[in-house]
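Q: Have a look at this one.
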Amino acid sequence: MRISKQWLLSVVLATSLISFVGCRGGGDPGVVRVTGTVTMEGKPLPNATVLFVSGQGRPSGALTDESGRYELNYTGHQKGARIGHNRVQITTAQGPSETMEGEPVPAIPESIPAKYNSRSELEFTVTEDGENVANFELSSK
């Protein structure tokens, strides 16, 4: 059986296009981009975990960079947070872990007040339209 190069090329291109379109879809339409900055006493708070917890779906989370900036992730492939009211938790605590070489790394205790994490008083409403910038200015008191 003889297969023409043009037919084979058409099949390969069609398969690639279907795969590309199929992989791009599947995002939750109720999730939109959320960014912001976290400061403590006016200074950037690096390496803090920021969680947005809505009444529906999974929470969104991010780790702040050296400038205290973050962009929330809903899943590994989708950035953002669910539209609507979210309770916000910010923590610097980290459990014990290991290095790539298997060396133990001790736990890091919480350095910010519980009113921002385990007993969080922070809230943010994510809107469908417009820019969702959630900046949090924390106080150690």
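The values are calculated or read from the model by the stated rules, or taken from the named source; none is laboratory data. Keep in mind it's a predicted model, so treat the numbers as computed, not measured. Heads up, the Cβs are rebuilt from the backbone with ideal geometry, glycines too, and the neighbour counts pull from every protein chain shown.
Q: Of the residues Ser118, Ser111, Ser67, which is in contact with a strand residue (DSSP E or B) (Cβ under 6 Å, 6 or more places away or on another chain) and assigned to a loop (DSSP other than H, G, I, E, B)?
A: Ser67
Q: Quick check on region 71-80. Is at least one of its residues under 17 Å from Pro46 (Cα atoms), at pLDDT below 95 and either in contact with an Asp or Glu (Cβ under 8 Å, 6 or more places away or on another chain) or aliphatic (A, V, I, L, M) (or both)?
A: no
Q: Looking at region 69-90 only, could you name the residues that are free of Cβ contacts under 8 Å to residues at least 40 places away in the same chain and among the hydrophobic types (A, V, I, L, M, F, W, C)?
A: Matches in region 69-90: Leu72 only.
Q: So which residues in region 39-68 are among the small types (Gly, Ala, Ser), over 17 Å from Ser111 (Cβ atoms) and touching a residue at least 24 places away in the same chain (Cβ under 8 Å)?
A: Ser54, Gly55, Gly57, Ser60, Ser67
Q: Looking at region 97-108, can you tell me whether even one residue there is of a type in the set (S, T, N, Q), surrounded by 12 or more Cβ atoms within 10 Å (Cβ to Cβ), without any contact (Cβ under 8 Å) to a residue 24 or more places away in the chain and in a strand (DSSP E or B)?
A: no
Q: In region 43-58, which residues are outside any strand (DSSP E or B) and more than 14 Å from Ala134 (Cβ to Cβ)?
A: Looking only at region 43-58, we keep the residues that are outside any strand (DSSP E or B), and these are 45-48, 55-58.
Once the filter is applied, which keeps residues that are outside any strand (DSSP E or B) and more than 14 Å from Ala134 (Cβ to Cβ), region 43-58 yields Pro46, Asn47, Gly55, Gln56, Gly57, Arg58.
Q: Which one is surrounded by the most Cβ atoms within 10 Å (Cβ to Cβ) among residues in region 112-130 that are free of Cβ contacts under 8 Å to residues at least 60 places away in the same chain and either among the small types (Gly, Ala, Ser) or over 21 Å from Gly42 (Cα atoms) (or both)?
A: Ser120
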